[in-house]
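J.: Here it is, the structure in full.
Since every read-out is calculated from the coordinates, none of them should be taken as a lab result. No experiment lies behind these values; they were computed from the predicted model shown. Virtual Cβ from ideal backbone geometry, glycine too; neighbours counted across all protein chains shown.
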Amino acid sequence: MKIKRLIAAGLTATMVVGMLTACGGGSGDGGGSKKKGDTLTVAIWDTNQQDGLKQIMDDFTAETGIKTELQAMDWNAYWTLLEAGATGGEMPDVFWMHSNEAVKYMANDILLDLTDYVAKSEKLEMDKFPQDLKDMYTWKDKVYAVPKDRDMIAMWYNKKMFDDAGIAYPDGSWTWDEFYEIAQKLTKDDGSQYGFACNPSNEQDTWMNIVYTMGGTIVTDDNKSGFDDPNTIKAMEFLDKCIKNVMPDANTMSETGTDVLFQSGKVAMISQGSWMVAGFKENDYMVENCDVTRLPKDATTGKSVSLYNGLGWSASAGTSMPDEAFQLIEWFGTKEMQEKQSELGVTMAAYDGASEAWAGSAEMYNLQAYIDAMEDTVFRPHTNSTLAWWNPMVEELKKPWNGEESMADACKNITSIMNEKIAEEDY
């Protein structure tokens, strides 16, 4: 598959998915980094992480004398510019890579090969990063990114609503069945308050955790759809019950957003990723009224599974400063800077044992719930062309959310969609 056709196709798919924020693009095949003296350009897509990362980069400059320039923007702008760079424009020297896009960029020589750099590094301890995360950013035995972070999922709840209803706060001991019963009690008939909220696009942060907790799967070990697995169907039918009985209508959740509904006191509970904490600690309503606990268990499996994902620090294959780019990536990956990332509340660390300080970065919340979630995790499902089936999956799920088809039929249709798309992957 030619790179320009692949990237152009990926651009349309990428913009359907909403997640976070950053800057743009080049490769050894189709683009390159703009030469800008001795300054490394660095791109990210989350402005909530900007201040903390800038401090870490300033430390790097003080230590090495290498100047850096941080560029932050939103998720869609990030990938639009990165892909434009990959097909002939300009790329930042150093930037984030995501599991949705990693294979496409690695397979087409857009990223700097870090294999020899990593092998010779005396500062990196690659054995301290999760194997799934390292594998995600390795292609044909070549390393294209150093892990940046890992994220976990936990349940946020409104203490005032629980107090008003005379219900004890959740403590991580609930089963999903008990969760549903409580959500029913917190849902008011007049539509002024609901027990729970979740959109089809809240995959990693909500419903996929229920699937894996109940013993199901999204992608099987042999790269087939897991939506025909009886346990996956069981989990999706449970979710369907929540949609019909304890959630706002689909239009309200889609147009307003579950986080906004929660922050405005309309919803008693949402599950969310650790990447949201930096913003949540700045929200006065949440600070006063809300807290977080571990996700519920399944009564049958006894598990409380949290999906996790993690970003990687990559560099452009066309950077004019490859050695300096790796020095910065190496700096971000050291134990000391991973710990500093946590201490500053930027995000959880990828380095094993370095996230404990993050739990104290927002003392108004019980962030230990996210640390505890690391006891039972599943890496976010993916294939070589994840977005090719991920976006159609989300679109199909909008139908049961809107009452247009049964959840059972949606699972059947998604099974066919996924298997067809995965079979078409050719790199």
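J.: Roughly how many nanometres apart are two label points built 7 Å out from the Cα toward the Cβ at SER192 and GLU125?
T.: 5.5
J.: For n ≥ 4 DSSP H runs only, could you compute -39500 (n - 2.57) per run for the chain, divide by its residues and tell me the 222 nm figure to the nearest 500? Could the numbers behind the result be given before it?
T.: On the way: 19 runs with 180 residues, N = 427.
Rounded to the nearest 500, the figure is -12000 deg cm²/dmol.
J.: How are the C-alpha pair distances of the range 115-254 spread across 10 Å bins, as whole percents from the shortest bin up?
T.: Over the range 115-254, the share of Cα pairs per 10 Å bin runs 9, 30, 26, 18, 12, 4, 0 percent.
J.: What ranking of VAL118, VAL292, VAL287 emerges when the number of other C-beta atoms within 10 Å of each C-beta is taken as an exposure proxy, fewest first?
T.: Starting with the residue having the fewest Cβ neighbours, the order is VAL287, VAL118, VAL292.
J.: Then there's this: Quick check: pseudo-label points 7 Å beyond the Cα along Cα→Cβ at ASP171 and THR47, how many nm apart are they?
T.: 4.1
J.: Modelling each spin label as a point 7 Å along the Cα-to-Cβ direction, I'd like the GLU255/ALA77 distance in nm, to one decimal.
T.: 2.7
J.: Still on this structure, please answer the following. Across the range 337-351, in residue order, what do the Karplus-derived ³J(HN,Hα) couplings come to in whole Hz, using 6.51 cos²θ - 1.76 cosθ + 1.60 with θ = phi - 60° and x for Gly and Pro?
T.: 7, 5, 5, 5, 4, 5, 4, 7, x, 4, 5, 5, 8, 7, 5
J.: How would you classify the range 270-427 from its alpha-carbon gyration tensor, with a ≥ b ≥ c the square roots of the eigenvalues: rounded for a/c under 1.5, else prolate if a/b is greater than b/c, otherwise oblate?
T.: It comes out oblate by the Cα gyration axes.
J.: Give me LYS134, LYS244 ranked fewest to most by other Cβ atoms within 10 Å of their Cβ, as a rough exposure proxy.
T.: By the 10 Å Cβ count, ascending, the order reads LYS244, LYS134.
J.: Would you mind pulling out the separation of the Cα centroids of the range 93-123 and the range 300-372, in Å?
T.: When both Cα centres are located, 17 Å separates them.
J.: Turning to a different aspect of this structure: What are the ³J(HN,Hα) couplings of the range 207-214, residue after residue, when phi is run through the Karplus curve with 6.51, -1.76, 1.60 and θ = phi - 60°? Round to Hz, x for glycine and proline.
T.: For the range 207-214, the Karplus curve yields 6, 5, 5, 5, 4, 6, 5, 8 Hz.
J.: Beyond 19 Å, what percent of the Cα pairs of the range 378-427 remain?
T.: Across the range 378-427, Cα pairs with separations above 19 Å total 30 percent.
J.: Turning to a different aspect of this structure: In what order do SER316, SER361 fall by count of nearby beta-carbon atoms within 10 Å, going from fewest to most?
T.: SER361, SER316
J.: Is the C-alpha gyration tensor of the range 215-346 telling us rounded, prolate or oblate? Criteria: a/c under 1.5 is rounded; beyond that, a/b larger than b/c is prolate, otherwise oblate.
T.: Since a/c reaches 1.5 but b/c is at least a/b, the shape of the range 215-346 is classed as oblate.
J.: Additional query: Tell me which trypsin sites (Lys or Arg not before Pro) from the range 155-195 have a DSSP coil assignment and no more than 15 other beta carbons within 10 Å of their own.
T.: Those that pass, being in a loop and sparsely packed, are LYS188.
J.: Please report the antiparallel percentage of the DSSP beta bridges confined to the chain, to the nearest 5.
T.: Counting DSSP beta bridges with both partners in the chain, the antiparallel share is about 60 percent.
J.: Please give me the summed charge of the neighbours of ASP58: other residues whose Cβ is under 12 Å from its Cβ, Lys and Arg +1, Asp and Glu -1.
T.: Around ASP58, the charge tally is -1.
J.: Between the DSSP loop rule and a limit of at most 11 other Cβ atoms within 10 Å, which GluC sites (Glu not before Pro) in the range 325-427 are left?
T.: The qualifying sites are GLU363, GLU404, GLU424.
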